[in-house]
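Taking it in order: structure first as structure tokens, then the write-up.
The values are calculated or read from the model by the stated rules, or taken from the named source; none is laboratory data. This is a predicted model, so every value here is computed, not measured. So basically every Cβ, Gly included, is an ideal-geometry build from the backbone, and we count neighbours across all protein chains shown.
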Amino acid sequence: MHLGPFEIEHPFILAPMAGITHSPFRRLMRRHRSAVVISELVSATGIEYAGARTLDLLKYHEEERRVGLQIFGEDQEHLVKACQYVERLGADFVDLNMGCPVPKVVKKGAGSAMCRDPMGLSKILHAMVKSVRIPVTIKIRTGWDAQTRNASEIVRVAADAGVKWVAIHGRTRAQGYSGEADWDFIGDIRAKSALPIIGNGDVSTAEDAVKKYRTYGVDAVMIGRGALRNPFLFEQCEAVLKGQEPKRPQISDYIALMHEQRSLLEQTFPARMAMVHARKFLAWYSAGFPGCHEYRRKLFTITDPEVVWSETFEFFERNGRDRSLDFMSQPFLMGGHG
Ligand SMILES: Cc1cc2nc3c(=O)[nH]c(=O)nc-3n(C[C@H](O)[C@H](O)[C@H](O)COP(=O)(O)O)c2cc1C
């Protein structure tokens, strides 16, 4: 199966998430079957000024391929140079963030504000595509607000410029993370589009991912928050797509995954940062297990990493048998950069 120029094994992809889809988590999710991975958004202007923290965000590991690095910005020259920088780093593709709703970003005309000026966007996308040999892709929302849901115009502009696919988060910028992703709208765009379309928004089970893939005719389904509470989601999606029963993760699977993630985090970050990142994920993985509130309280008060990990494994061993998945439909992480 193909997604634009790439052969992929199945059409389920981890969504880019700032502060979350760093290299160690992308490696983990590739091992656990996300078909492609994408970095969090990185400022094109920041790349121009070569700040060490900005450039760190662009580091990736060979194991991540297919890996895309996501950039954002409003300045054509900086965006073109950022594409060329990403190409020199050897990434498989460069993705432009056009979905970020954050005021600081849209005020300058970047992120989701880019869809408000299709003519200006056309110029920028042509310049970006022309400047590199690697594929350029974009990630958008359905539009700015309910009155201007112009995603299909943006897809036409992107196709004309030579962009290779468009990922669509099924909400407007005005919606932020409220309401529901509009998959009917995404499906309509797919039906009319000359480009591969990746649908995104509110998918949290493998059954739903496969249903959305089949119902709306999208070329792939992108999943963000759902994978944070269920890191086995991509393996399950792949199984359901093949008509198999998705594997119900056992406590030994959670423990093995956490050991793996600890090791990847500690290989990448200094000990204190590795711990800061680990805590977030451990809190998400613990949702639905009996006693998770008490465990999380401890998690954020203990400072010694060794104690955090021993408490964690003990918690999962003790409570790991019955995870209630009722929480999956509750609102979760209602803010982000796309
Ligand atoms: C904490 C957080 C950070 C995000 N950061 C980014 C980002 O850097 N780039 C981007 O394109 N989208 C970003 N997003 C948006 C997600 O990629 C995705 O479009 C959104 O969460 C809806 O999908 P979901 O319901 O599967 O989570 C972020 C979302 C969250 C929750």
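Okay, here's what the table says:
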quantity: Residues being surrounded by 17 or more Cβ atoms within 10 Å (Cβ to Cβ) and in contact (Cβ under 8 Å) with a residue 24 or more places away in the chain - total across the range 39-75; calculated: 22
quantity: Selection from the range 238-293 of residues that are of a type in the set (S, T, N, Q) and over 20 Å from the mean Cα position of the chain (by Cα); calculated: GLN244, GLN250, SER252, SER263, GLN267, SER286
quantity: Only listed residue being among the basic types (Lys, Arg), more than 30 Å from LYS104 (Cβ to Cβ) and without any contact (Cβ under 8 Å) to a residue 12 or more places away in the chain, chosen from ARG297, ARG321; calculated: ARG297
quantity: Failed condition for GLU7, given (1) without any contact (Cβ under 8 Å) to a residue 24 or more places away in the chain; (2) within 30 Å of ILE255 (Cβ to Cβ); (3) away from the ligand (no atom under 15 Å from the Cβ); (4) of a type outside the set (Gly, Ala, Ser); calculated: (2)
quantity: Among the residues listed as ALA209, ALA220, ALA194, the single one being in contact with a helix residue (DSSP H, G or I) (Cβ under 6 Å, 6 or more places away or on another chain), touching a residue at least 60 places away in the same chain (Cβ under 8 Å) and assigned by TED's automatic domain parsing to the domain that holds SER34; calculated: ALA209
quantity: Residues of the range 280-333 that turn out to be within 16 Å of the ligand (Cβ to nearest atom) and either in the same structural domain as THR21 (by TED's automatic domain parsing) or among the polar types (S, T, N, Q) (or both), as a count; calculated: 2
